[in-house]
Structures are given as structure tokens and as C-alpha cells.
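The values are calculated or read from the model by the stated rules, or taken from the named source; none is laboratory data. Fair warning: this is a prediction, and the values are worked out from it, not measured in the lab. Cβ: placed from backbone, ideal geometry, glycine included. Neighbour counts: every protein chain shown. Heavy atoms of the whole protein, side chains included, go into the accessibility calculation; ligands, DNA and RNA do not. Shrake-Rupley method; radii C 1.70, N 1.55, O 1.52, S 1.80 Å.
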Amino acid sequence: MKAVGLTEFGGPEVLRALDLPEPQAGPGEVRIRVHAAAVNPTDTVLRSGARATELTDAPPYVPGMDAAGVLEQTGEGISTDLRIGEHVMAIVVPSGAHGAYAERIVVPAESVVRVPAGATDAEAASLPMNALTAHLALDVLELTQGQTVAVTGAAGGYAVQLARADGLRVIADAAPRDEQLVKDLGADIVLARGDDFPQRVRAEVPLGVDGLVDAAVLDRLALPAVRDGGRIATLRQFADTGERGITFHPFRVSEHAREQAKLDGLRQQVEEGKITLRVARILPAAQAIEAHRALEAGGVRGRLILQF
């Protein structure tokens, strides 16, 4: 089985073609013939070795947390209405040689749902981990309809559209070239991105927003944007004591990879037009190095997709 991964940490150039044993679905698992896998910032973190101390498996390492393709095999003890041959998408939790950058993957059945009606596998591969991350970020903020949320890194993900679907007022950041994009995603107010975004938010909302999704990883710099007692959802496990009663809420999307109902709800939101699937570019799997270089260079809007 062909895959793309690494045997040593480093820059994009360490990625290479691998020939791995073909996996078999065990009890409670399914096997997918992968047609498309999304390239995400977390993949570059794995490749760089920034989280090497967290890894318990020996190399090779295969990145990738988003996949879409055809359901090929089911293990014992599965209760599902999915059928062999159906196009499905999955969130993948990489472990050693197990990641989405491969021709075939085996995942828990609860990590898999149908692709949205009318979507290609490449489009569907942009959704599972990315949208579930935004969904979980909004969940930890515990906001109610009509409250205001700020979103950093708004052009790159699904948080703005999901917040609008929840009935929230959205203030989002954007580089000049992304202002119209972020408006089209549904932001009520679009402000210049950068470390001073929180101060710009306060100029619009003097008391501060009710919650903030920090996809740009501002960390403590985000505090001025939030009202007393507000909440900040943080990526990359940033946690702090906060101030003025503000609390930081880190979360790991990998700990929620089996929440099939939430993943299927995201599929339904795509079909209802509440979420727009966003693919920046499709590349052959053999060009994974180029995909990682492009992502790290910045400016990618939507997801880069590797095709297998």
C-alpha cells in the first residue's frame, strides 16, 4: 500500500513515498480506500518534530487527519447503515504509520459518515477535522443565540459559518485581500488582522465580546477583546489563568474523533447550504512536499488536498 510520510523530522523535504502493509478492519472498525486527504497545519507540526515528545510509536509517521473515499471493508460488531462502495469521509487520529496520507486507512466506525450529497471526495476531505474543530471551539464557549463571538484566523476555516448558523453575531479578522471572503462567509464585522485585533474589537464592542475562537493563536494577546467573565477557545493546547474572570479553554479534536452525530450534523449543514466546502488546490499525493511548503508559506485559503 502506498502512503506518504516520514522517518525523520524536519522540513517538507523529509516527506517521502512509503510502502506499508495493507490494513485490515478489526472489530468496530471500517476500511476506506482513500481518494483525498486534506493537508492541515497539524500535519506540519507532526512533520517538524515539534511534538516528538508526545509520540509513543516508532517511525515511520504518516500525517493526515481528514480523509474521504470509498468504504471498502467493515469489521465485526458494527451497527451502521453505511454500505460497502459508498463514498464516505472520516476524521483520522494519526498514530505511527496510521494517518490519512495513505491509499487505505482503518478507523473506528464512529469516525465515519457519508460525504455530503453532491460533494466530491476532494471537497469532502476538507471538512471532518477542520469543521469539527470549529464546532468544538464554539461548544466550549457556551454562547447562546444573539451573543457576540470574535474569530481570529477567520479566513482559513469554518468557524465564521458555524457561528452564524448558531445565531451568533460574528466579528472576524482578515488580511486586506481576504476581507470580502470573510464577509461572504457571514461575518457581521470584519477588522484588520494582527496582534492589535483585540483593540479593534473593543472599539466596536466597548464592553468586549462574549467569547473568542483563537484560530490565529494570539493566546494572551486575545484577552482585551473579551468581556469580563468571557471565554476563549484556544488551539494548540494553550492554557492560562486569564484575567478579569476570563477563562481559556484548550481542547483536542482528537479526543472527539468518535462523535459521529456531530460529524454527521456537519454533513447536513453542508447539504443545507450553511457550510461551504473550501478547497484551495488539489495536488497528487506525490506532491505532498509542495503542499507542505505552500501551507507553511502562508496565504492558503481553504484546504490543500492530496489525491490518492
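Observations
- Relative contact order (%) - criterion: Cα under 8 Å, at least six apart; region: the chain: 19
- The chain: mean projected area of Cα convex hull, nm²: 15.2
- Within a Gaussian network of the chain (alpha carbon springs, distance under 10 Å), most fluctuating of E271, E76, E110: E76
- Once both labels are positioned 7 Å from their Cα atoms along Cα-to-Cβ, the gap between V45 and Q24 label points is 3.5 nm.
- Per residue, the accessible area of the chain comes to 42 Å², computed with a 1.4 Å probe over protein heavy atoms only.
- Rounded to the nearest 20 debye, dipole of the chain from Cβ charges on Lys, Arg, Asp, Glu: 440
- Within the accessible area of the chain (1.4 Å probe), percent carbon and sulfur: 48
- Listed by chain and number, the lysines whose C-alpha is less than 24 Å from the C-alpha of K262, apart from same-chain residues fewer than 8 away, are K274.
- Label point of T80 set 7 angstrom out along Cα-Cβ; within the stretch 260-297, amide nitrogens under 13 Å from it belong to 260-261, 264.
- Solvent exposure ordering (accessible area, 1.4 Å, most first) of V270, V34: V270, V34
- Within-13-Å neighbourhood charge of D214 [Cβ basis; K, R +1; D, E -1]: 0
- For the chain, calculated [θ]222 nm from helices alone, where every DSSP H run of n ≥ 4 adds -39500 (n - 2.57): -6500 deg cm²/dmol
- Annotation for F238 and I189: the two label points, set 7 Å from Cα along the Cα-Cβ direction, are 2.1 nm apart.
- The modelled label-to-label distance between K2 and R252, using points 7 Å beyond Cα along the C-beta direction, is 3.3 nm.
- 3J(HN,Hα) along the stretch 227-236: 5, 4, x, x, 10, 10, 8, 10, 9, 6 Hz, from the Karplus curve 6.51 cos²θ - 1.76 cosθ + 1.60 with θ = phi - 60°, whole Hz, x for Gly and Pro.
- Note on R16 and E142: the extension gain reaches 41.1 nm, defined as 0.36 nm multiplied by sequence separation minus the Cα-Cα distance.
- Computed accessible area, T7, all protein chains, 1.4 angstrom probe, square angstrom: 70
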